[in-house]
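The next block holds one structure in the form of structure tokens; read it before the comments.
The values are calculated or read from the model by the stated rules, or taken from the named source; none is laboratory data. Remember, predicted model here, so these are calculated numbers, not experimental data. Using ideal geometry, Cβ is built from the backbone for each residue, glycine included, and neighbour counts are taken over all protein chains shown.
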Amino acid sequence: MSTGATLLVVCLVYLAVVLAIGAVAYRRTGSGTEEYFLGGRTARTVVLFMALLGTNVTPFVLMGIPGLAYHHGVGVFGLNAAIVALGIPWTFYAIGYPAWKAARRVGAITPAELFAERLGSPAVGVVLFLAFVLYTLPYLVTSVLGVGLAVSTLTHDAISLPWAATLILVVTIGYTAMGGMKATMWTNVFQGSVFVGFMVVAFFAVAEGMGGLSAATEAVRVQAPQLLVKGDRAMFAPGAWASWGLAISLTVIAFPHMLVRVFAARDATALKNTCRLYPLALVLLWVPAVMFGVWGAVQVPGLVGRESDRIFPLLVQAHLDPWMQGLALAGVLAAVMSTIDAQFLTLGSMLSRDVVRRLAPRLSDRAEVTWGRGFVLVLAAATLAVVLWRPASIFGIASFSFSGYVMLVPTMYGALHWRRTTAAGAIASILVGNAVLLWTMGQPAPPWGLLPVAWGLLAAIVALVVGSGLTRPPSPAVVERALGPG
């Protein structure tokens, strides 16, 4: 059997399994909005952990990080992993857990709905919805772009990037529309197992193909020693390093598709167990991702700019047999689909719940779900259009989205911990934070070596405090309904 035929067989088997899981979830999903969008809030430890991990791991890790390490070396691990392994679980505790409790109290299904209820202002929900769409669409693009690059590279362009992107969107929309949250979380368990398992296997297989772990790293020491030291690059300057670590640590809980999965947890035990497991899983994934880029610099030298996003599939192609290449492709598909299914479902739920239902209060649950499915189709078409445009590298696009999400964190944290937080303060925080972020992005050298995200975050915090201090807070009844007695 040819390599192309082998890849096709493996991928078709993988897609068939995913669709089968979606079909089973469809038969077990009720027609209510909470059942469809949150799976009835029944996720236990294994399902919740794999759903959160699968949703968080995208081609940013499988394609973008190797591409970055290809140019900047092992320091990329310290740029993210060390801080993220502790920072993300902390945000689950500081924001995710109180948000989970508040969402159960008020019956909120979406993040935008939760904070609109907490602050007593539908306008907050609309502003959050618009912000989530603005920054999730580019993030969707990184996922679909990553799988398109992997498929086109491994098949020697027999399946082009546009066709690969279209196929992955059609399949993902299919099982997401069928089974809702249950389908996405159940498939995430399977998908997470596929990409985590493959990353570990591929790490040792690629190293073995280069003569073993010691030989692979020795080749880097001889041919590209600069990749094994921090170097004097602006990326690793203290201000930039601290800014980026802060951004990556804070941004994940602000992903609407991550927070809504937290809402789906059955109990606090599932959330606590997830916090314990998360650091181990992140380190397990980041070590191979970084080393693929470092080893690839000596195996496939000369890649310029965003061309390095292809280094992972190029290494797989060079060192793994056709069946393993098929599993590699399935791993990339798993990483992509486990993220974009959650993004589509969450944005669809926010449109129907936070916009359409506000305009039509008598909307039935069935009509609300239909609106959500329709918006998913619009998002998929917009995603495909941007993928075909491909304005920047995967890392560059993701950096833009991650920075934007961070601007929402002060509103989330303040609303859950500071009872004096007001709707006006929250809206001011979001708008001012984003304005400062975009302005500093346009500057050649932001002050003190800090990245734009740091200045935007500082502005968002100040705007929240000042705006809330100058305006009247919600009534005690509104606050207590979400947060409980003070």
| With respect to the numbered conditions (1) of a type outside the set (Phe, Trp, Tyr); (2) under 27 Å from PRO238 (Cβ atoms); (3) out of contact with any Gly (no Cβ under 7 Å at 6 or more places or on another chain), which one is the sole condition not fulfilled by ARG420? | (2)
| request: Show the residue pairs that are 6+ apart or on different chains and have beta-carbon atoms under 9 Å apart, the first residue being within the range 474-486 and among the polar types (S, T, N, Q), the second being outside any helix (DSSP H, G or I). | output: SER475/GLY120
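Which fully enclosed helices (runs of 4 or more DSSP H) of the range 1-80 have 2 or more residues being out of contact with any helix residue (DSSP H, G or I) (no Cβ under 7 Å at 6 or more places or on another chain) and of a type in the set (A, V, I, L, M, F, W, C)?
On the way: elements: 3-27, 33-38, 45-56, 65-72.
In the range 1-80, the matching helices (runs of 4 or more DSSP H) lie at 3-27.
Can you give me the ranges of the helices (runs of 4 or more DSSP H) entirely in the range 405-486 with at least 2 residues that are farther than 30 Å from GLN343 by Cα and out of contact with any helix residue (DSSP H, G or I) (no Cβ under 8 Å at 6 or more places or on another chain)?
Values: elements: 409-417, 423-441, 452-470, 476-483.
Because the criterion is at least 2 residues that are farther than 30 Å from GLN343 by Cα and out of contact with any helix residue (DSSP H, G or I) (no Cβ under 8 Å at 6 or more places or on another chain), the helices (runs of 4 or more DSSP H) in the range 405-486 that meet it are 476-483.
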| said: Looking at HIS156 and the list (1) over 22 Å from ARG266 (Cα atoms); (2) assigned to a helix (DSSP H, G or I); (3) not aromatic (Phe, Trp, Tyr), which single condition is not satisfied? | reply: (2)
| Residue selected from the range 46-89 under the condition within 17 Å of the chain's Cα centre (by Cα) and of a type in the set (Phe, Trp, Tyr), by the criterion modelled with the lowest pLDDT | PHE60
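Please enumerate the residues belonging to the range 269-307 that are hydroxyl-bearing (Ser, Thr, Tyr) and more than 18 Å from the chain's Cα centre (by Cα).
Step one: list which residues in the range 269-307 are hydroxyl-bearing (Ser, Thr, Tyr), which gives 269, 274, 278.
Of everything in the range 269-307, just one residue is hydroxyl-bearing (Ser, Thr, Tyr) and more than 18 Å from the chain's Cα centre (by Cα), namely THR269.
Results for (1) over 27 Å from the mean Cα position of the chain (by Cα); (2) over 19 Å from SER243 (Cβ atoms), shown as yes or no for each residue.
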residue	(1), (2)
ALA428	no, yes
LEU438	no, no
MET441	no, no
TRP455	no, no
GLY467	yes, yes
PRO473	yes, yes
VAL478	yes, yes
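Out of the range 35-47, which residues are surrounded by fewer than 24 Cβ atoms within 10 Å (Cβ to Cβ) and among the hydrophobic types (A, V, I, L, M, F, W, C)?
Taking the range 35-47 as the starting set, the residues that turn out to be surrounded by fewer than 24 Cβ atoms within 10 Å (Cβ to Cβ) are 35, 40-42, 44-47.
Of everything in the range 35-47, those that are surrounded by fewer than 24 Cβ atoms within 10 Å (Cβ to Cβ) and among the hydrophobic types (A, V, I, L, M, F, W, C) turn out to be VAL46, VAL47.
Within the range 435-460, which residues are surrounded by 18 or more Cβ atoms within 10 Å (Cβ to Cβ), out of contact with any Gly (no Cβ under 6 Å at 6 or more places or on another chain) and either modelled with pLDDT of 95 or more or among the hydrophobic types (A, V, I, L, M, F, W, C) (or both)? Lay out the reasoning, then the answer.
Let us first name the residues in the range 435-460 that are surrounded by 18 or more Cβ atoms within 10 Å (Cβ to Cβ), namely 436-437, 440, 446, 450-457, 459-460.
Narrowing the set further to residues that are out of contact with any Gly (no Cβ under 6 Å at 6 or more places or on another chain) leaves 440, 446, 451-455, 457.
If the condition is that a residue be surrounded by 18 or more Cβ atoms within 10 Å (Cβ to Cβ), out of contact with any Gly (no Cβ under 6 Å at 6 or more places or on another chain) and either modelled with pLDDT of 95 or more or among the hydrophobic types (A, V, I, L, M, F, W, C) (or both), then LEU451, VAL453, ALA454, TRP455, LEU457 are the ones that fit.
Looking at this structure, is LEU314 closer than 30 Å to THR411 by Cα and in contact with a helix residue (DSSP H, G or I) (Cβ under 8 Å, 6 or more places away or on another chain)?
Values: closer than 30 Å to THR411 by Cα: no; in contact with a helix residue (DSSP H, G or I) (Cβ under 8 Å, 6 or more places away or on another chain): yes.
Criteria not met by LEU314.
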| query | For the subset of the range 164-215 comprising residues that are over 23 Å from VAL147 (Cα atoms), in a helix (DSSP H, G or I) and of a type outside the set (Gly, Ala, Ser), which member is modelled with the lowest pLDDT? | reply | LYS182
| note | With criteria (1) among the aliphatic types (A, V, I, L, M); (2) modelled with pLDDT of 80 or more; (3) within 17 Å of THR383 (Cβ to Cβ), ALA123 comes up short on (3)
| said: Condition first: among the hydrophobic types (A, V, I, L, M, F, W, C), in contact with a Pro (Cβ under 8 Å, 6 or more places away or on another chain) and buried (at least 20 other Cβ atoms within 10 Å of the Cβ). Can you find one or more residues in the range 291-308 that meet it? | reply: yes
